[in-house]
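Visitor: Quick one: this structure, given as structure tokens, is what I'll be asking you about.
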């Protein structure tokens, strides 16, 4: 069964801390992995990863995929209160749709 | 360029009723995908429409249906509402068919509460 598991479910850190969010998946016909940020309602696209070991970076956010160990991480350095959101990971298993994890709720305390 | 527009934003319905939600995609986008988001289950795929045809369907009962019009606007309908249908319903528009990629955008969602 196509499955995406995110951890932790929730995380509370202080402003300025660095956080690492995890996403693991099952291998069946894996094609790509996507990360989204959901602040209120609409998830917004962050990264798409298809190749193992190649880091994608945007400002303080970065992500990497390990296709051998079947996981991806999303790193956020020097966190700010505006980073508070639900972070969603989704995988394309070649079945014409994305399979989402349940998300990690990140709260940044000023 | 206008974003993805979902209406209504909030809806309260009674068990047994039916509901219709609307999604207007970004101009030029021909694919609309629908997702249900609940706290315990995350985002679950409902269906995708492309050029007025349903391309793919998730594991939801037949009470959930949808359609797409020639202007790419899409509606989803839920009949005989159950308490468990309470959720945030999100649609995403994309220029091409298939799984959401880098050019897909989500709407703000419709929050449905069934009482």
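Read-outs: derived from the displayed coordinates by stated rules, not from any lab. As the structure is a prediction and not an experimental result, all values here were calculated from the model. Cβ coordinates were reconstructed from backbone atoms using ideal geometry, including for glycine residues, and neighbour counts include every protein chain displayed.
Visitor: State the dimensionless ratio Rg/Rh of chain B (Rg: radius of gyration of Cα atoms; Rh: Kirkwood radius).
Guide: Rounded to two decimals, Rg/Rh equals 0.95.
Visitor: Sticking with this structure for a sec: Over the range B:1-47, what portion of Cα pair distances is larger than 12 Å, expressed as a whole percent?
Guide: Working: 781 of 1081 pairs.
Cα-Cα pairs of the range B:1-47 separated by over 12 Å account for 72 percent.
Visitor: Could you check which residue among B:96, B:31, B:22 shows the biggest mean-square fluctuation in a GNM of chain B with a 10 Å Cα cutoff?
Guide: In this elastic network of chain B, the residue with the biggest mean-square fluctuation among B:96, B:31, B:22 is B:96.
Visitor: Something else: Which shape class applies to the range A:49-100: rounded if a/c is under 1.5, otherwise prolate when a/b exceeds b/c and oblate if not, where a ≥ b ≥ c are the square roots of the Cα gyration tensor eigenvalues?
Guide: Details: a/c = 2.74, a/b = 1.51, b/c = 1.81.
In terms of gyration-tensor shape, oblate.
Visitor: Okay, next question. What three numbers, in Å, describe the spread of the alpha carbons of the range A:1-107 along their principal axes, ordered from the longest?
Guide: Over the range A:1-107, Cα extents along the principal axes are 39, 28, 20 Å.
Visitor: In the P(r) worked out for the protein assembly as shown, what percent of Cα pairs fall beyond 30 Å? Walk me through the numbers on the way to the answer.
Guide: Working: 6051 of 25200 pairs.
Of the Cα pairs, 24 percent sit more than 30 Å apart.
Visitor: In units of 2.2 N^0.38 Å, what is the alpha-carbon radius of gyration of the range B:57-109?
Guide: 1.28
Visitor: Can you give the percent of C-alpha pairs in the range B:17-78 whose distance is more than 14 Å?
Guide: Here the long-distance tail beyond 14 Å is 54 percent of all Cα pairs in the range B:17-78.
Visitor: Could I ask something else about it? What does the average come to when, for each residue of peptide B:35-48, you count the partner chain Cβ atoms lying within 10 Å of its Cβ?
Guide: On the way: counts 5, 0, 8, 1, 3, 1, 2, 11, 11, 3, 7, 1, 1, 2.
Taking the mean over all residues of the peptide, I get 4.
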